[in-house]
Amino acid sequence: MPEIPGEKKFNMKKITAIIAFTMLISTANAQDLLTPTFGFSHKKTAYITLLDGTEISGNIKDLDRDKGLVEEVKIKDGSGKKHKFDADEIKFMYLPPSGLDNLGKKMNFLTVVDNWNDEKLNQDFLNRGYAYFELRDVKIKKKTKKLLVQLLNPGFSKEVKIYHDPFAKKTMSLGVGSLKVAGGIAKSYYVAKGDAAAFRLKKKDYNEEFIPLWGSCDKVKETYTDPVWRDLAKHAITFSECTE
């Protein structure tokens, strides 16, 4: 059967719309954490703040990772000057996602909870879909290391911060082609309360870790008598209510 002119283009638009709608539904009903960003735009402006307070903005030229963690960032500023920074030189940075990755970030950020925003974060960048990374003490087994980690709950991170674990495995997911549209929840995150070092929280250990993590808040214990890993973000939000 001959292809009808414009049919392929129409079908692609239809598929994209279905994907976008599915992503929105899954976001609203899942864990309300951003999906981690892996691809970054080389055309949009990135913003980096160093430990000494120096601010650099420009286009990403290269981003080196080691086992999923950012190790080095190369950027060219507006004057054309090139800069190279190791991860431990960077205090925090906002990087622009590319393609459909950016669509997912904007949709996920619809779930922001204004009462528990970290006022130090740039809400304008976040609303535009930027990924936020910061240098953080992270417990790795018995050692504590400084890692540049990606924040997944910028909309409610005032009391508890949940970071992407690049080594995390995922639950089963559904997708169209190579694009995942539902499921695929990470089985571990790095979690930090206040100024304490972040630690790796695993799905398989969550029942055991639930009380040590949230037990100081009666509302969390009373509301979630049978804690589910998928509700991690809800637990963090309810815990934040206890600190008001």
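None of the figures in this text is laboratory data; all of them are computed from the coordinates on show. The model shown is predicted, which means the values in this text are computed figures rather than measured ones. As a convention, Cβ positions derive from the backbone with ideal geometry for all residues, glycine included, and neighbour counts pool all protein chains shown.
Brief remarks on what is shown
- Most to least packed among 82-89, 213-220, 48-55 [average Cβ atoms within 10 Å]: 213-220, 82-89, 48-55
- Label-to-label distance, Glu222 versus Phe167, with points set 7 angstrom from Cα along the beta-carbon direction: 3.9 nm.
- Using the Cβ of Ala46 as centre and a radius below 11 Å, the other residues enclosed give a net charge of +4, where K and R count +1 and D and E count -1.
- The range 47-71 and the range 184-199 have their alpha-carbon centroids 21 Å apart.
- Within the shell of other residues whose beta carbon sits under 9 angstrom from the beta carbon of Ala186, the net charge comes to +3, with Lys and Arg scored +1 and Asp and Glu -1.
- In this structure, Lys84 and Asn207 have a Cβ-Cβ separation that, at R0 = 41 Å, corresponds to a calculated FRET efficiency of about 0.40.
- Counted over all Cα-Cα pairs of the range 122-167, pairs farther apart than 13 Å make up 61 percent.
- Near Ser188, the amide H atoms lying under 5 Å from its own belong to Lys169, Lys203; only residues 5 or more places off or on other chains count, and H is placed 1.01 Å from N.
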